[in-house]
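Every number here is computed from the coordinates shown, using simple stated rules; none is lab data. Remember, it's a predicted structure, so these values are computed and weren't measured experimentally. Here the Cβ is made from the backbone with ideal geometry for all residues, glycine too, and neighbour counts use every protein chain on show.
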Amino acid sequence: MIDFFLTLGGFIMAPLYWVTSVVLVGFHNLIGQVLDPAGGASWALSIVGLTLVIRAALIPLFVKQIKSSRNMQLLQPRVRELQAKYKHDRERLAQETMKLYKDSGTNPFASCLPILLQMPIFLALFRLLDQAARGNTRGVLTQEQADQFGNAEMFGANISDTFIRAAGDVNVMVLAAVLVLSMTATTFLTQRQLMSKNMPADALTGPYAQQQKMLLYVLPVVFAVGGVAFPIGVLLYWTTSNLWTMGQQFYVIRNNPAPGTPAAKAKADRDAAKAAKKGILPAVEEQAPEEEQPRAPRSQPKRQSRNQRRGNPNKKK
């Protein structure tokens with residue numbers, strides 16, 4: 001039975017080994033024209049290149065994630081209304097909430113998709129490095145390339161080593177610790193950037209906000225604990241991916257923020273400052289001129305008769 005599952009796992013992972021190794025070797029052949037093909041720098045930069053290709057391929061999914069996250073934020077007032085209406089009927093509340101998400105085209109789980117889709121590549125790179133360190137080939141790696149990959153060094157540390165398998169090697173422990181801390185910090189800052197700048201005030205309470213706060217603190221801890229068992233090459237991949245995510249999210253939030261958020265106010269202030277610098281005055285609504293009230297005709301003094309001027313109009317001489 002164990003052999004069956006191992007064979008099944010190898011069959012499933014074979015395409016991933018092939019895709020990952022094709023991109024990795026492609027970058028290595030290109031960078032090897034400038035740097036030493038057997039050097040650690042060429043293999044480290046190849047891992048960075050692999051990361052950039054994977055993240056570029058995930059841009060459409062990232063855009064979908066941002067839109068779904070924004071919709072989730074904007075729907076929070078309506079979600080709270082449903083919670084108040086169906087607070088004693090949890091089944092009906094779940095049905096109405098999912099119906100609301102469906103009608104608005106929002107996927108509550110879209111924020112997890114980029115991480116989930118990267119995990120197979122992450123595992124494939126992990127296995128490529130692990131097998132290369134043992135002298136085994138995977139994907140399109142030749143035996144020579146596998147040996148180079150498994151023995152490549154970066155800052156005096158082998159990129160296939162891990163913190164817990166450093167065996168007292170200070171270079172490995174220091175480099176692995178720096179990358180683990182970098183991976184943890186970038187994960188935390190990316191999530192905090194989303195919550196502090198691109199969430200309206202009324203979305204900072206409720207289940208969605210609690211989910212975001214949980215991710216803010218739980219994900220860095222998970223990566224920190226698991227990171228000590230990852231090879232340095234894999235830590236380099238994940239840290240580079242986090243930096244991409246942070247930069248990409250910063251660009252989207254800066255240029256297309258959700259309405260009613262601090263980022264939206266900052267963008268409005270920047271636009272106003274640019275307009276003022278160019279001498280463009282903000283549009284002011286023109287007021288209709290007040291209509292002049294028609295003047296009352298000036299009363300003309302009436303001519304008095306001779307009798308009236310003498311003081312007694314009825315008196316006859």
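Below is a table of values for the structure above.
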item: Region 21-134: projected area of the alpha-carbon convex hull, averaged over directions, in nm²; result: 10.1
item: Volume in Å³ per residue [convex hull over Cα atoms, computed for region 68-185]; result: 179
item: Residue 80/residue 277 FRET efficiency (R0 51 Å; Cβ-Cβ; nearest 0.05); result: 0.80
item: Ordering of 68-76, 92-100 by packing [mean C-beta count within 10 Å, highest first]; result: 68-76, 92-100
item: Inter-site label distance for residue 14 and residue 213 at 7 Å from Cα along Cβ, in nm; result: 5.0
item: Mean-position separation - Cα centroids, region 45-66 and region 226-255, in angstrom; result: 10
item: Listed residue (150, 240, 229) projecting farthest to the positive dipole end of region 134-262, Cβ model; result: 240
item: Backbone N under 11 Å from the residue 251 label point (7 Å along Cα→Cβ), restricted to region 33-68; result: 56, 59
item: Computed E for residue 134/residue 171 - FRET, C-beta separation, R0 22 angstrom, nearest 0.05; result: 0.55
item: Ascending count of other beta-carbon atoms within 10 Å, so fewest first, for 164, 232; result: 164, 232
item: Projected label distance in nm at residue 267 and residue 103, using a 7 Å step from Cα toward the beta-carbon; result: 2.7
item: Stokes-Einstein translational diffusion, region 208-270 - Kirkwood Rh over all Cα pairs, 1.002 mPa s, 20 °C, in µm²/s; result: 153
item: Whole-Å semi-axes of the ellipsoid equivalent to region 93-159 (Cα gyration tensor, √5λ, descending); result: 44, 12, 8
item: Farthest positive-ward along region 23-148 dipole, Cα basis, beta-carbon charges - from 38, 95, 106; result: 95
